Structures are given as structure tokens and as C-alpha cells.
Amino acid sequence: MADRPYTLLSCGMSIDGYLDTANGTRLKLSNDADFDRVDAVRASSDAILVGASTVRRDNPRLLVRSQVRRDLRVSQGRCPTPMKVTVTGRAQLDPRASFFAAGDTEKLVYCASGTVAQARKRLGPVATVLDAGEPVDLRRVSEDLHARGVQRLMVEGGGMVHTQFLAADLTDELQLVLAPFFVGDSRAPRFVGDARFPWNQDRRATLVDVRPIGDVVLLRYALSARFRMD
Ligand SMILES: NC(=O)c1ccc[n+]([C@@H]2O[C@H](COP(=O)([O-])OP(=O)(O)OC[C@H]3O[C@@H](n4cnc5c(N)ncnc54)[C@H](OP(=O)(O)O)[C@@H]3O)[C@@H](O)[C@H]2O)c1
């Protein structure tokens, strides 16, 4: 089996396991101190991956915000901010989205075979569009990223992407932030969907750290033997 990057899945959720609201209004799960912690994790990564729905719905920039951290990366001969990666089946992504427009760094779109031609036409000027099979296989994506020099991959959601990375056992570490409120609406996106996960009551994940950060709590789980405490 080809190698894959050390993969860290980072997520904030409500007490009842939701990632967002149902109606599209932005849900602030985290606080400033935790945003800064996430910024440090971004700065330590070679690439950040999100699903196409997150690109469409949140329009994230996915940049390292701290100038000190950006400068440090540059002094190490790296881009100021990590490579950005997304996956899509339908290829309905806007080339003006911040994912593509923000940051002078490489952007990769792993696309289902059937829509590659359409995606290249639409996104070719702003990103590298790659054929990732039909349907897109995230193990194949991980291995291709490793072949492109990505040693450390940060996965930042949403739920569909989390589900596949976890269920396919492609994750080495989970950083889960619990926000102190409920969403209480089953139409809202959840942390994960239905799947057969490698962890259950008989094979429990290893909790390695619990850290209060203001009013949220960071739960850190080791999910593979490759886990590294930094
Ligand atoms: N709280 C947090 O930490 C956090 C972080 C990120 C996102 N979010 C929230 O999560 C929500 C989005 O989550 P989501 O579960 O709806 O979507 P998502 O995981 O962001 O993206 C799902 C989309 O990615 C593409 N995709 C994923 N796996 C694929 C595969 N194997 N093959 C082909 N395409 C694939 C598809 O795109 P196409 O539809 O283009 O085919 C699919 O519709 C948003 O509300 C966002 O705010 C929260």
C-alpha cells in the first residue's frame, strides 16, 4: 500500500454534535483563543482539505492568519500558508470563491472522473484539477497528496469528508472542540454521518488530551499508531 500523510482531523461541534445551523446562518462554535490554536495547527500543516460543500457554504479562505507564523514558514523555505485541497463529484465550484482567490499557494481539486473535463474548463485557471476516480476515493487522494510531498494533512470538514476519512481509517489524530451549546435541529449538518467506523465499544479510541480553552473544550484522540504528541 502506498504511503499517506500524517492526517489530523480538526472539528468544532455543538454539545449535540452539529457543525453548523440548518438555515445557512454562520454558527460560531469556537472562541478567539481556539481560533488561534487552529491557526497554529494550520501553520504546522503542508495541506488543508475541506469538502466542496464547505467551500460553497462557508466560503473559507483557509489561510494562516498570524504574520509571525507565516514568516516562520517562509524562513523554512515553505509557502506562507499551506496548499489547499478540496474534493468534488459535481464540480459545481465558483472560481471566484475565497478557496481559490485567497493566498498565493497551490490549490488542488480532486474531482470524480465524469466531471473532470467540466471542472478543468471552469477551474483550470485557478487550480490544478485531478481525476480521483468514480466515485472519488479518499485513500487515493491521500496517497496522491503524499506523492506530491504532503507529509502532514489537516482535514477541516465538513461532515461528509470527516465521515470518509474516519471510516476508511485514514486519520491519525482527531482534534474535537466542544462548544457549550446545543443546535437541536436534525436538518443541520452533523460531525459525521452513518458509517462503519473502526472505533466502537470494543475498540476504543485513545484520549490523549483534554484542554479547556475559555468556554470550549479540546478533546484530542490518537487514532493510529502514528499519532505524535507535539
Ligand atoms: N464546525 C466545523 O469545524 C466545520 C468545519 C467545516 C465545515 N463545517 C460545516 O459543515 C457543513 C458542510 O458539511 P457537509 O457534510 O455538508 O459537506 P462537506 O463534507 O464539506 O462536503 C461534501 C461535498 O464534498 C464532495 N465530496 C465529498 N466526498 C466526496 C467523494 N468521495 N466523492 C466526490 N465528492 C465528494 C461532494 O461535493 P459535490 O457536491 O461538489 O459533488 C460533497 O457534496 C457546512 O455547513 C460547514 O459550515 C463545519
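The values are calculated or read from the model by the stated rules, or taken from the named source; none is laboratory data. Given the structure is predicted, the values throughout are model-derived calculations rather than measurements. Please note: Cβ atoms are built from the backbone with ideal geometry, for glycine as well, and neighbour counts cover all protein chains shown. Protein only, heavy atoms only, side chains kept; ligands, DNA and RNA dropped before computing areas. Shrake-Rupley method; radii C 1.70, N 1.55, O 1.52, S 1.80 Å.
Things worth noting here:
- Loop trypsin sites (Lys or Arg not before Pro), the range 196-230 (other Cβ atoms within 10 Å of the site Cβ: 15 or fewer; DSSP): Arg196, Arg203, Arg204, Arg226, Arg228
- Cα-based shape type of the range 176-230, given that a ≥ b ≥ c are square roots of the gyration tensor eigenvalues and the cut on a/c is 1.5: oblate
- Extended-chain gain in nm, criterion 0.36 nm per residue less alpha-carbon gap, Ala33 and Ser113: 24.7 nm
- Global geometry of the range 113-194, whether rounded, prolate or oblate, following the gyration tensor of its Cα atoms and the 1.5 cut on a/c: prolate
- Per-residue SASA entry for Ser30, accessible area with 1.4 Å probe, Å² rounded to 10: 20
- Of the listed residues Ile213, Ile15, the order by accessible area with a 1.4 Å probe, largest first, is Ile15, Ile213.
- Gap separating the Cα centres of the range 143-198 and the range 4-77, nearest whole Å: 12
- Compactness index (Cα Rg / 2.2 N^0.38 Å), the chain: 0.98
- Global geometry of the range 28-75, whether rounded, prolate or oblate, following the gyration tensor of its Cα atoms and the 1.5 cut on a/c: oblate
- In the chain, the DSSP beta bridges split such that about 35 percent are antiparallel, to the nearest 5.
- Only helices enter the 222 nm calculation for the chain: every DSSP H run of n ≥ 4 contributes -39,500 (n - 2.57), and dividing by all residues gives -7000 deg cm²/dmol, rounded to 500.
- Taking N as the residue count of the range 98-137, its C-alpha radius of gyration divided by 2.2 N^0.38 Å amounts to 1.17.
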